[in-house]
Each structure stands twice: as C-alpha cells, then as structure tokens.
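Take a look at the structure below.
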Amino acid sequence: MSEFAVSRRGFIQSAMAIGGIAAAQTLLTIEPASAASPTKIRMQLGWLASNGLLGEVVAMKKGYYAEQGLQLEIVPGGPNVDGVAGVASGQASIGQISSSPSVMLARGAGVPIKAIAAGYQKHPYAYFSRKSKPIRTAQDMIGKTVAIQPTGAILLRALLAKNNVPEDKVKIVNMGADMNQLVTGQADAVVGWITNTNALKVLGEDRVDLMLWDTGIQLYANVYYTTDKELAEHPKELAGWMAATARGWGYARAHQEEAVNLLVEAFPNLDKASEMEAIGPLMKFAFNETTKTGGWGAMTKENWSAQIKSYADLGQFKEKVPTVDDVMTLSVLEATADIRKQVG
C-alpha cells in the first residue's frame with residue numbers, strides 16, 4: 001500500500017492482518033510500569049531503520065528514556081508493513097512516518113491518528129538535474145523528462161499545480177531506488193532525499209538541486225504520530241517520550257561522531273563512513289530557524305492547513321477532507337516546550 005493512498009477499508013484489512021485480531025478488540029498500547037520495570041513504549045517505523053532515528057538511539061544509550069521511567073522499543077517497517085495501521089490498531093503507541101501527507105490522508109480515511117511532532121521541519125525531498133540541462137524552478141520542468149517513484153506522483157502533481165505548470169508539458173517516467181536514469185541521460189531529473197549522501201555520490205559535483213519545499217509544497221518529514229486514545233489516556237508518557245527524544249537529538253547535534261557510533265552499533269547494517277557524511281546535511285533539517293524559537297520537533301497549524309488545502313485541491317481525500325485539529329495536535333509539544341527549546 002502506498003503511503004500516499006490510504007483507504008478506510010485498506011486500513012482495517014491491514015490492521016487485522018498485523019494484529020490477527022477482531023476489529024473491535026481493544027489493545028493495551030503503552031504497557032504500564034511495575035515496581036521493577038519502566039513503562040514500555042513501542043515506536044513503529046514507516047520504513048527500515050536509518051539515521052532518522054539518530055536522536056532516539058542516543059536517548060536510549062544515554063538513559064534519557066529511563067530517566068522518564070520509560071523503555072523505548074523501535075519496531076522496523078518495510079515494504080510489506082503498514083506502519084499507520086500498526087499504530088492505529090494498538091500494536092504500537094507511537095509511529096514515525098517519512099512524510100506528513102501519510103497522516104492527513106489516513107485521517108481523511110477515518111483512521112484515528114494525529115501528528116504530534118515533526119522531526120524535520122523542512123522536507124529533504126528534491127529533484128536532481130545536471131548543470132547542462134538545469135531544473136532550478138518548476139517552470140524549468142516544461143519539456144523535460146522527470147523520473148519519480150510511484151509514491152512521488154502526487155508530490156509532482158502538487159508542485160506543477162502550485163506553479164501553474166500543465167501536467168501534459170512534463171514527461172513523467174518511473175524510476176527505481178537508484179539515480180542511474182539521470183547518469184545515462186534517460187531522464188532530465190530524478191528524485192530523492194538530499195540527506196541521502198550515499199545515493200547522491202553517483203551524480204558527482206555536476207548536480208543541480210531543486211527542493212520540493214522551495215517550489216511551495218512545504219511538507220514535514222520524519223513525522224511522529226499517535227492515536228486519539230493514546231493522547232487521551234497517556235499524556236504523561238507521551239510527554240516523557242518527547243522530552244527524552246528531544247534531548248537525544250540535541251546531544252546528537254553536539255556530539256556527531258559519537259552519535260553515529262551509537263547508531264551503527266545499534267544497526268550494524270549501516271555504514272559509519274556514509275553516516276558521517278550524512279549527519280551534517282541531516283542536522284540542517286532537524287534544526288533550523290523554526291527550532292530556534294519553537295524547539296526540536298516544532299510544527300505549526302498554518303503549515304498543516306496549507307498542506308491539507310493542497311491535497312484537497314488535487315482531490316486526494318476520497319472520503320472527507322480532515323480539519324487541522326483532526327490531523328495534528330500541539331499538546332505534547334506544549335507540554336515539553338521548556339526542554340525542547342533548550343535543544344532547539
């Protein structure tokens with residue numbers, strides 16, 4: 001299932017498959033502490049473990065969750081895992097998803113989840129071209145061939161609509177995980193995250209970047225979300241998780257090599273050299289002008305409102321258009337404002 005196309009029926013089927021449970025069954029999502037053990041929180045990823053977990057790994061290793069009386073368990077996602085359904089069905093209490101549209105489309109389909117923080121206030125998604133045929137603006141795409149993954153189709157449509165570029169003026173083709181179509185000249189642009197320094201090496205220095213954000217489509221990345229039920233029943237635990245996670249990201253920014261060592265120790269499939277190259281660009285998305293005033297994880301209602309409008313204008317909500325208050329809440333951010341602003 002594409003993270004940009006969630007239906008109520010598809011969600012229910014995925015939730016039942018993940019849990020092997022009846023739809024009406026209630027699950028305990030945050031396990032309470034006993035006299036001898038901390039409260040356990042499971043965090044479901046939307047994809048495989050990566051440097052988007054840097055702060056969480058540091059917080060685990062440094063004991064920040066333990067100081068809050070918590071134990072964090074990270075649950076990997078993957079191509080056959082519907083992370084949103086896993087959180088909504090009670091298999092995990094918190095989720096992290098790559099892009100904000102996943103949350104608002106799920107909510108529009110009736111899935112009871114809400115965003116509680118944005119790990120990256122500015123999305124690293126970008127279009128990469130060559131200096132010989134540069135694409136520096138949306139208008140530069142006219143007459144060009146742009147290679148995208150299937151999940152990027154709606155992003156490109158939103159970009160073109162926002163900038164009044166007719167879709168029939170751009171040739172759109174599919175691409176895989178690598179960027180060879182730009183190298184071989186089969187496409188004039190390919191897509192990816194600008195923080196993925198390892199994948200971008202193949203393009204060398206002859207590269208022009210057009211950030212999706214700079215075209216007017218301002219999405220959040222590494223979005224954290226939970227359910228209405230968790231927000232109502234476990235606000236203290238969610239605030240403790242948020243405070244510890246913010247401290248972890250703050251420590252990672254200040255001690256980058258140590259943080260990478262801890263990440264690679266936790267996930268040995270990751271390459272230290274590549275992660276050291278990536279951590280500098282990554283930190284520019286986790287910490288910026290927004291976090292200087294709002295603290296780590298900050299997000300705004302105004303930005304979410306603009307995102308909802310863009311997707312509504314493109315007819316992406318199949319059941320109903322959610323409100324901003326349906327899609328997100330600032331309650332956990334506000335409960336941890338003092339701590340988060342110390343690491344902003």
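The values are calculated or read from the model by the stated rules, or taken from the named source; none is laboratory data. All figures in this text were calculated on a predicted structure; none of them were measured in a lab. Methodologically, a virtual Cβ is constructed for each residue, glycine included, from the backbone with ideal geometry; neighbour enumeration extends over all protein chains shown. These accessible areas exclude ligands, DNA and RNA; they are computed on the full protein's heavy atoms, side chains included. Shrake-Rupley method; radii C 1.70, N 1.55, O 1.52, S 1.80 Å.
Of the solvent-accessible surface of the stretch 192-287, computed with a 1.4 Å probe and all protein chains present, 50% belongs to carbon and sulfur. Over the residues of the chain, the helix contribution to mean residue ellipticity at 222 nm works out to -11500 deg cm²/dmol, using -39500 (n - 2.57) for each DSSP H run of at least 4.
For the stretch 140-153, backbone phi angles converted through the Karplus equation (6.51, -1.76, 1.60; θ = phi - 60°) give residue-by-residue couplings of 5, 6, 4, x, 9, 9, 10, 9, 9, 7, x, 5, x, 4 Hz, Gly and Pro being listed as x. With a threshold of 22 Å on the Cα-Cα distance, the over-threshold entries among K236/K309; K284/K341; K62/K341; K40/K236; K122/K169; K131/K201 are K236/K309; K122/K169. With the cut-off at 1.5 for a/c, could you classify the stretch 31-177 from its C-alpha gyration tensor as rounded, prolate or oblate? Cα axes put the stretch 31-177 in the prolate bin. Each label point was placed 7 Å from the Cα along the Cα-to-Cβ direction; for A177 and I142 their separation is 3.8 nm.
Annotation: peptides 84-96, 288-300, 261-273, ranked by per-residue average of other Cβ atoms within 10 Å with the highest first, follow the order 84-96, 288-300, 261-273. Bridging of K171 to aspartates and glutamates at a Cα separation below 15 Å is possible for D140, D188, once same-chain residues fewer than 8 apart are set aside. Computed about its Cα centre, the charge dipole of the stretch 91-232 is approximately 140 debye, with only Lys, Arg, Asp and Glu carrying charge at their Cβ. Once both labels are positioned 7 Å from their Cα atoms along Cα-to-Cβ, the gap between D325 and Q71 label points is 3.8 nm. Taking the charge dipole of the chain about its Cα centre, with +1 at Lys and Arg Cβ atoms and -1 at Asp and Glu Cβ atoms, the residue from L263, I135, V87 reaching farthest to the positive side is I135.
A273 to K133: FRET efficiency via 1/(1 + (r/R0)^6), r the Cβ-Cβ distance, R0 41 Å, to the nearest 0.05? Efficiency, from the Cβ-Cβ distance: 0.85. Computed with every protein chain present, the accessible area of K229 is close to 80 Å² [probe 1.4 Å].
Put a dot 7 Å past the Cα of W47, heading toward its Cβ, do the same for K284, and the two dots end up 1.9 nm apart. Ordered by solvent-accessible area of protein heavy atoms (1.4 Å probe), largest first, the residues L53, L48, L231 come out as L48, L231, L53. If you plug the beta carbon distance of T293 and H255 into 1/(1 + (r/R0)^6) with R0 = 25 Å, you get a FRET efficiency near 0.60.
In plain terms, the chain from K169 to K236 could stretch by 18.9 nm, reckoned as 0.36 nm per residue minus the Cα-Cα distance. The shape of the stretch 191-344 comes out oblate: with a ≥ b ≥ c from the C-alpha gyration tensor, a/c is at least 1.5 while a/b does not beat b/c.
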